[in-house]
Amino acid sequence: MAKTILVLAEHLKGKLTDVTFEMLGKAYEISQQTDSKVIALLYGNEIENLTQQLNPADEVLYFEHELLTEFIPETYANLTIQQINQQNPWLILISASSIGLDVSSIISAKFNMPLISSCKELHLENDKLIITSQLLGGKMLLESELSGGQAIVSVLPGAFRAESAKSNKTIAINKLPFTVAIDSIHTKFERFIEPETGDVDITQVPVLISVGRGIQNQDNISLAQELADVISGAVSASRPVVDQGWLPATRQVGRSGMTVKPKLYLALGISGAPEHVEGMKDSELIVAINTDPKAPIFNIAHYGANIDALELLPLLKETIEKGKG
């Protein structure tokens, strides 16, 4: 029997979540190294239109039923347990979201299967799967090895690149009957309460203008915001800026903040402490601006300039605006 990797897909308001594509991309990468088959599981009601988007899975198994219109932990868990029994996967990827955490814990208890939570890195090394988990709000990293048996890995949103999941290959799509006994479902969905519109999600922005101590005071953040507006980006920050209350915690990059992988990461007045670097080191292009020529940020930057960020920002904004004109 071929080895199998299961990925539990998530969707909200008729749209697949980004973490679904991130998990599929990583599953595909691991499958190429282990000769495994990637199967995506999709649950919902009137979701057939989403199945074609689940590349690069080799196969999509989906279930449609009115009881799957909204998320109910027991229903999702029961369907997943059925598929684990049938597919016998060696690896199961589930997001570290509110949905994924509910489902993964039930499955882990059911099969007495190891659950490795809050995964931020995953790779194969000497036929062993090496998983790095983020604990205690990023203050501690735990490395685990999987060399045999089955395991569940819950993946932090933003840990992998969603772009790697894009593929035009033809995938097998199969609709399976909903076989969960209705009387076994004891949880009832009441209503979905949407949170108020919050801050920008920096994990999804392609360009980040990130500020550190070198920004000097809160008023100067407006200079970074003006540049971000010109290049359709967003302002993020290192921990000292957030600790000062100059920007909300949703803008913090680093171990105790968000893990980001934008196409461009412009670090302004950021020294480059390990805690910060951990959250942005995989950005496609890193440009560092710092008055300290020995700042550690220059060690990981693709390009750098030893100048004052406050002098550069207005000039850079003006230059870009002229170029657009």
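At-a-glance table
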quantity	calculated
For the range 173-188, Karplus couplings with θ = phi - 60° (6.51, -1.76, 1.60), whole Hz, Gly/Pro x	10, 10, 8, 10, x, 7, 10, 7, 5, 4, 6, 8, 9, 9, 9, 10
Helix-derived mean residue ellipticity, 222 nm - over the chain, DSSP H n ≥ 4, -39500 (n - 2.57), to 500	-8000 deg cm²/dmol
For the range 90-131: rounded, prolate or oblate by the Cα gyration tensor [a/c cutoff 1.5]	oblate
Set of aspartates and glutamates near K324 by C-alpha distance (under 14 Å), chain-local residues within fewer than 8 positions excluded	D229
Spin-label proximity, T132 to the range 13-29 - amide N less than 19 Å from point 7 Å beyond Cα toward beta carbon	22-23, 25-27, 29
FRET efficiency, T69 to A172 (Cβ-Cβ, R0 25 Å, nearest 0.05)	0.50
Extension gain from R161 to L12, taking 0.36 nm per residue of separation minus the Cα-Cα distance	51.7 nm
Alpha carbon Rg of the range 203-279, scaled by the compact-globule rule 2.2 N^0.38 Å	0.96
Mean Cβ neighbour count within 10 Å, used as a protection proxy, ranking 76-83, 251-258 highest first	251-258, 76-83
V207 versus L124: modelled label distance in nm, points set 7 Å from Cα along the beta carbon direction	3.8 nm
Pairs of alpha carbons in the chain whose separation is greater than 24 Å (percent)	58 percent
Spacing of the two label points (7 Å from each Cα toward its C-beta) at V287 and S232, in nm	1.7 nm
Stretchable slack from K324 to E143, in nm (0.36 nm times residue separation minus alpha-carbon distance)	60.5 nm
Net charge of neighbours whose Cβ lies under 13 Å from the Cβ of E64, counting Lys and Arg as +1 and Asp and Glu as -1	-2
Calculated FRET value between R191 and T250, using beta carbons and R₀ = 25 Å, to 0.05	0.50
Within straight-line cross-link reach of K175, lysines at Cα separation under 27 Å, skipping those fewer than 8 residues along the same chain	K3, K13, K15, K26, K37, K110, K166, K188
Proximal charge balance of V19 [Cβ under 11 Å; K/R count +1, D/E count -1]	-2
Cα gyration tensor shape for the range 52-107, rounded if a/c is under 1.5, else prolate or oblate	rounded
Local electrostatic count, I94, Cβ distance below 13 Å [Lys/Arg +1, Asp/Glu -1]	-2
Using θ = phi - 60° and Karplus 6.51 cos²θ - 1.76 cosθ + 1.60, couplings along the range 154-162 (whole Hz; Gly, Pro as x)	9, 9, 5, x, x, 6, 10, 8, 5
Volume per residue of the C-alpha convex hull in the range 173-325, rounded to whole Å³	201 Å³
Using θ = phi - 60° and Karplus 6.51 cos²θ - 1.76 cosθ + 1.60, couplings along the range 56-65 (whole Hz; Gly, Pro as x)	x, 5, 7, 8, 10, 10, 10, 10, 10, 6
Length released on extending from Q216 to Q150, taking residue separation times 0.36 nm less the Cα-Cα span	18.7 nm
Distance from the range 261-286 to the range 103-139 (C-alpha centre basis), Å	25 Å
Protection proxy ranking, peptides 283-290, 184-191, average beta carbon neighbours within 10 Å, highest first	283-290, 184-191
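Every read-out reported here was derived from the displayed coordinates using simple, explicitly stated rules and does not represent laboratory data. What you see is a predicted model; the values in this text were computed from it and never measured. Methodologically, a virtual Cβ is constructed for each residue, glycine included, from the backbone with ideal geometry; neighbour enumeration extends over all protein chains shown.
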